[in-house]
Amino acid sequence: MSKELIVVLLVAPLVGFLINGLFGKWLKGNEKLSGWIGALAVLVSLVCSIIAFTSLNGGAAPLDETLYPWITGEGFAFNIGFRVDALTAVMLLVITGVGFLIHVYSIGYMHGDEGYTRYFAYLNLFVFAMLILVLGNNYLMMFVGWEGVGLCSYLLIGFWYDKQSATDAGKKAFIVNRIGDFGFLLGMFTLFAAFNTLDFTAIFDRAEAGTFEQIFGANTLVIATLLLFVGAIGKSAQIPLYVWLPDAMEGPTPVSALIHAATMVTAGVYMIARSAVLYEIADTGQVVAWIGVLTAFFAATIALTQNDIKRILAYSTVSQLGYMFVGVGVGAYASGVFHLVTHAFFKGLMFLTAGSVMHAMANELDMRKMGGLKSKMPITHWTFLVGALAIAGFPFLSGFWSKDEILHSAWGSSSLIYGIGLVTAFLTAFYMFRLIFVTFYGESRVDSEVASHLHESPAIMWLPLAILAIPSALIGLLGWGGHDSWFHHFTKSVFPEAHHDASGNVILFMVISSIVGLAGIAFAWTRYSKRVPSDEPTGAFHRLLANKYYVDEIYNALIVQPVKNGSHFLLWKLVDNGIIDGIVNGVAALIRFIGGLLRRLQTGLVQVYIVSMVLGIVIFLAYYLFFT
């Protein structure tokens, strides 16, 4: 593994972005060329990622290279540098592997869209930013990628900018993420003040040795890690900053699959896993775990009553991210990252299959208007079923292994966290198969006009689904053996030795998880194999869940409107109109007044000018004779 390989890996998507961004005007006549340029750029990165992964798996030492100094000062330097170790290699494969398939899928999905080349330019730029995030060997490089994916998320969520809902969702995502990013920045400042560097290796070594400036006393690392966690809460959509992610479904469906299921939203989990040494020393993992498990349960309850297929998947993503935070929070860092990997495949698959359904249903999202699609869209149905079984924890599929590891580790940390996680696993299986049964089974409720042209998606779209279904089902086998699996051994060198107690009968935990998942599927079958959501009772509790606990309305009443009204008065009427406009208009009025006075002296009469000159001479002589 060489430095040149990593540079090519990183730069390839940037080249794709520049080609589509600069020459998109000339590529519009051949949109498929634009799409394949974007896809091939990511394919180059995928090949490089496989080479890097193979090299590390073969025993090569991690690569930590500084390309050149970026910002230097007295006693410190921020460098452009990259670190490729086991954690980085895993993330690279997820980003480029899932990313490449989504690019290929998008070639068919975005066919005929006016912004086709712009879409692929944004998608390539996103991959470039995400690669910077995971490749950086210091927090500043990570933050550059962190902000880059935030920008691309804003651009892609609001891609159809002629829709008010899309532009509103883009702004909401951008603003909410800025709140989290402010915490991330404060965490970085705290680390720099304590260590005088932002380099990972230097910080982790000094933290373990205890040789750093304790600017907040013994709580320095506690404060730093909690501030970094605020950034993770925003980026990875945890309580209370999760509200942007469901609205982000306004963007094209492949965007949801790439950014809001497989990559960007996992950045917070990656950051905590990368900073595992700090979280272990600060002992702030319990905060992370509790926020994660509460988010997982909270989002799962909301998903129970949603009828928009993409929003169900969105709340499912929020919930599964909560599981990942439970994993890294209880010290099972490899387990949390392993669930990140399995989730990237099966959730990316389900978002793409949802896009396939939308493609056939003329962009319809309400599953109450579907039903009986199994026979019309067999490939979409079977691939969606694989993803749903995986997330539900069906025995021996990918989600079964990764979720069971997290629950097993949680038991050693807190039986209450384990219990909430187990209940959430039941809810997950239930709402996912509610979606399956209502959408693909039973009698058709499709509008007659739409039903006349129901069809399976073209090969350019269903081939990525078929390919993604394979790892969605089988990649969990990399975790065979639980905490003694190949995946854990591969990533062992990156993480500190776990302090959680993962003892207990492993088989018993697996059996319990299996029973819970199967029970959720069975319960969904009994309720929805013959009934659609429109037939459900609409009691107060159902309305509470259907309206998402009114969190958006509460935020709007307590935060958005007061800030808006305050800004309306203070910034607009007082500051803008009163002070800024007052100064500008006042200066103009003063000059106009002075000009009006001087204008009166310009009469055009020679006699007046002579008198003025005489008066001026008399005044000058009087001043000279009597005052000097």
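The values are calculated or read from the model by the stated rules, or taken from the named source; none is laboratory data. Note that this is a predicted model, so its numbers are computed, not measured. With ideal geometry, Cβ positions are generated from the backbone for all residues, glycine too; neighbour counts draw on all protein chains shown. When the accessible area is computed, the model is the full protein with side chains, heavy atoms only, and any ligands, DNA or RNA have been set aside. Shrake-Rupley method; radii C 1.70, N 1.55, O 1.52, S 1.80 Å.
Report yes if some residue within segment 39-48 is more than 26 Å from L140 (Cβ to Cβ), without any contact (Cβ under 8 Å) to a residue 24 or more places away in the chain and outside any helix (DSSP H, G or I); otherwise report no.
Going residue by residue through segment 39-48, those that are more than 26 Å from L140 (Cβ to Cβ) are 39-40, 43-44, 46-47.
This time we only want the ones that are without any contact (Cβ under 8 Å) to a residue 24 or more places away in the chain, so: 47.
Those left that are additionally outside any helix (DSSP H, G or I): none.
No, segment 39-48 contains no residue that is more than 26 Å from L140 (Cβ to Cβ), without any contact (Cβ under 8 Å) to a residue 24 or more places away in the chain and outside any helix (DSSP H, G or I).
If only one of N307, N363 is of a type in the set (S, T, N, Q) and in contact with an Asp or Glu (Cβ under 6 Å, 6 or more places away or on another chain), which one is it? Quick ask: steps written out before the conclusion?
Details: N363 fails: in contact with an Asp or Glu (Cβ under 6 Å, 6 or more places away or on another chain).
Going through N307, N363 in turn, just one is of a type in the set (S, T, N, Q) and in contact with an Asp or Glu (Cβ under 6 Å, 6 or more places away or on another chain): N307.
Look at T211 and say whether it is of a type in the set (S, T, N, Q), surrounded by 24 or more Cβ atoms within 10 Å (Cβ to Cβ) and outside any strand (DSSP E or B). So that I can check it myself, show each step before the final result.
On the way: of a type in the set (S, T, N, Q): yes; surrounded by 24 or more Cβ atoms within 10 Å (Cβ to Cβ): no; outside any strand (DSSP E or B): yes.
When the stated conditions are applied, T211 does not pass them.
Restricting to segment 252-283, count the residues that are farther than 13 Å from Y333 by Cα and open to solvent by 10 Å² or more (accessible area, probe 1.4 Å).
Result for segment 252-283: 3.
Can you pull out the residues in segment 355-380 that are of a type in the set (A, V, I, L, M, F, W, C) and open to solvent by 60 Å² or more (accessible area, probe 1.4 Å)? Steps first, please.
Quick first cut of segment 355-380, residues of a type in the set (A, V, I, L, M, F, W, C) only: 357-358, 360-362, 365, 367, 370, 373, 377, 379.
Hit for segment 355-380 is A362, nothing else.
Restricting attention to segment 49-63, which residues are more than 18 Å from M141 (Cβ to Cβ) and either open to solvent by 60 Å² or more (accessible area, probe 1.4 Å) or β-branched (V, I, T) (or both)?
Matches in segment 49-63: I50, I51, T54, N57, G58, G59, A61.
Go through the residues of segment 234-245 one by one and say whether even a single one is crowded, with 20+ Cβ neighbours inside 10 Å, more than 25 Å from F189 (Cβ to Cβ), at pLDDT below 95 and touching a helix residue (DSSP H, G or I) at 6+ places or on another chain (Cβ under 9 Å). First the steps, then the outcome.
The first filter runs over segment 234-245 and keeps only residues crowded, with 20+ Cβ neighbours inside 10 Å, leaving 234-238, 241-242, 244-245.
Then drop every residue that is not more than 25 Å from F189 (Cβ to Cβ), which leaves 242, 245.
Within this subset, residues satisfying the condition of being at pLDDT below 95 are 242, 245.
Filter once more, so that each one left must be touching a helix residue (DSSP H, G or I) at 6+ places or on another chain (Cβ under 9 Å): 242, 245.
Looking through segment 234-245, at least one residue is crowded, with 20+ Cβ neighbours inside 10 Å, more than 25 Å from F189 (Cβ to Cβ), at pLDDT below 95 and touching a helix residue (DSSP H, G or I) at 6+ places or on another chain (Cβ under 9 Å).
Considering only residues of segment 10-35 that are among the hydrophobic types (A, V, I, L, M, F, W, C) and farther than 23 Å from I80 by Cβ, which is most open to solvent (accessible area, probe 1.4 Å)?
Residues of segment 10-35 that are among the hydrophobic types (A, V, I, L, M, F, W, C), as a first pass: 10-12, 14-15, 17-19, 22-23, 26-27, 33.
Next, only the ones that are farther than 23 Å from I80 by Cβ stay: 19, 22-23, 26-27, 33.
On the way: I19: 59, L22: 115, F23: 105, W26: 182, L27: 23, L33: 80 Å².
Looking at residues that are among the hydrophobic types (A, V, I, L, M, F, W, C) and farther than 23 Å from I80 by Cβ, I get W26.
Say whether the condition of being of a type in the set (S, T, N, Q), closer than 25 Å to S165 by Cα and open to solvent by less than 10 Å² (accessible area, probe 1.4 Å) is met by at least one residue in segment 225-232. Break it down into steps so the answer makes sense when it comes.
Applying the first criterion (of a type in the set (S, T, N, Q)) to segment 225-232 yields 225.
Of the ones still in play, those that are also closer than 25 Å to S165 by Cα are none.
Taking every residue of segment 225-232 in turn, none turns out to be of a type in the set (S, T, N, Q), closer than 25 Å to S165 by Cα and open to solvent by less than 10 Å² (accessible area, probe 1.4 Å).
Among the residues of segment 471-485 satisfying the criterion of being of a type outside the set (A, V, I, L, M) and at pLDDT below 90, which is surrounded by the most Cβ atoms within 10 Å (Cβ to Cβ)?
Keep residues of segment 471-485 that are of a type outside the set (A, V, I, L, M), which gives 471-472, 476, 479-485.
From the residues that got through so far, the ones that are at pLDDT below 90 too are 476, 479-485.
Numbers: G476: 28, G479: 24, W480: 12, G481: 14, G482: 18, H483: 18, D484: 10, S485: 19.
Taking the candidates together, the pick is G476.
So which of L615, L590, L621 is surrounded by 10 or more Cβ atoms within 10 Å (Cβ to Cβ), closer than 30 Å to D576 by Cα and either modelled with pLDDT of 80 or more or more than 60 Å from the chain's Cα centre (by Cα) (or both)? Steps first, please.
Numbers: L615 fails: closer than 30 Å to D576 by Cα; L621 fails: closer than 30 Å to D576 by Cα.
Only one candidate qualifies: L590.
State all residues of segment 141-156 that are touching a residue at least 40 places away in the same chain (Cβ under 8 Å) and either farther than 24 Å from T197 by Cβ or aliphatic (A, V, I, L, M) (or both); if no residue qualifies, say none.
Residues satisfying the conditions are M141, M142, V149, G150, C152, S153, L156.
Here is a list: N577, N556, N547. Which entry is modelled with pLDDT under 80, among the polar types (S, T, N, Q) and open to solvent by less than 80 Å² (accessible area, probe 1.4 Å)?
Working: N556 fails: modelled with pLDDT under 80; N547 fails: modelled with pLDDT under 80.
Answer to the selection: N577.
So is Y333 among the aromatic types (F, W, Y), crowded, with 24+ Cβ neighbours inside 10 Å and touching a Phe, Trp or Tyr at 6+ places or on another chain (Cβ under 7 Å) or not?
Values: among the aromatic types (F, W, Y): yes; crowded, with 24+ Cβ neighbours inside 10 Å: yes; touching a Phe, Trp or Tyr at 6+ places or on another chain (Cβ under 7 Å): yes.
Answer is yes for this residue.
In the set E280, E213, which member is at pLDDT below 90 and charged (D, E, K, R)?
Details: E280 fails: at pLDDT below 90.
Matching residue, one of E280, E213: E213.
For the condition of a type in the set (F, W, Y), more than 30 Å from R527 (Cβ to Cβ) and at pLDDT 90 or above, what is the one hit in F440, F430, F426, F490?
Values: F440 fails: more than 30 Å from R527 (Cβ to Cβ); F430 fails: more than 30 Å from R527 (Cβ to Cβ); F426 fails: more than 30 Å from R527 (Cβ to Cβ).
Exactly one of F440, F430, F426, F490 is of a type in the set (F, W, Y), more than 30 Å from R527 (Cβ to Cβ) and at pLDDT 90 or above, namely F490.
Name every residue in segment 376-423 that is among the small types (G, A, S), touching a Ser or Thr at 6+ places or on another chain (Cβ under 9 Å) and farther than 21 Å from G520 by Cα, in order of residue number.
Within segment 376-423, S409, G412 meet the criteria.
Of the conditions (1) at pLDDT below 95; (2) of a type in the set (A, V, I, L, M, F, W, C); (3) part of a helix (DSSP H, G or I), F184 satisfies every one except a single condition; which number is it?
(1)
Hey, can you tell me all the residues within segment 437-457 that are within 13 Å of P378 (Cα to Cα) and of a type outside the set (S, T, N, Q)? Full working, then the answer.
Kept after step one, since they are within 13 Å of P378 (Cα to Cα), are these residues of segment 437-457: 439-441, 454-457.
Scanning segment 437-457 gives F440, Y441, L454, H455, E456.
Name the pairs: first residue in segment 57-77 and over 26 Å from V494 (Cα atoms), second residue open to solvent by 70 Å² or more (accessible area, probe 1.4 Å), Cβ to Cβ under 9 Å, at least 6 apart or on different chains?
From residues that are over 26 Å from V494 (Cα atoms), the pairs are G75/N196.
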